[in-house]
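See below for the structure under consideration.
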Amino acid sequence: MLTRRSFLLLFTLAVLTTEHGTLNTLHAAAPKPPNILVIVADDLGYADVGFQGCKDIPTPHLDALAKRSVRCTSGYVTHPFCSPTRAGLLTGRYQQRFGHEFNPGPPTAANVEVGLPLSERTLADVLRGAGYRTALVGKWHLGNIAEFGPNRHGFDEFFGINGSSADYFTHGNTSGRLYFQWLVRLHKQFRANV
């Protein structure tokens, strides 16, 4: 039985794979599916990029990408914290419905075993099922241990940081401790020596 959530994820995929919102029936051969790129930026304001009107911070590459892409400009976050927002975006569900309404915390915290439940189907799972290769680059922040990692949630490849509080320049957190955690390729995980 097709659940409401599965229907919404498949409907979104169908809309994204059509040309200009209508099915492309003029070509005899099946059209090549489009590339799909989702960019999530913590704490980015609506007008903090050039294609949204920002004049003081140049963003020419993002502007060029936005000019030739489908832009979804009426999305709203469902939570004020990083991790629950990511969980809601990836699953298409309110994060409170599956118990992910808080940030997992750093790996040394008592709640290290908190993360996006494996029972939740993500956009990456749906895309992989449709024949796409999936990758995540950057901040995951949906669980600190491998059990909750991106490769367990539909991503074929992952390069980034599992938790929060790390920058992309030194890979360290505020105390200077190295925090760059996992480089994952095709479900084989190993720790990077930074």
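Every read-out reported here was derived from the displayed coordinates using simple, explicitly stated rules and does not represent laboratory data. None of these values were measured; they are calculated from a predicted model. Every residue, glycine among them, receives a Cβ derived from its backbone with ideal geometry; neighbour counts consider all protein chains shown.
Within the range 37-135, the chymotrypsin sites (Phe, Trp or Tyr not before Pro) that combine a DSSP coil assignment with at most 12 other C-beta atoms in a 10 angstrom radius are TYR46, TYR76. The label-point distance for ALA130 and GLN96, in a model that sets each label 7 Å from Cα toward Cβ, rounds to 3.0 nm.
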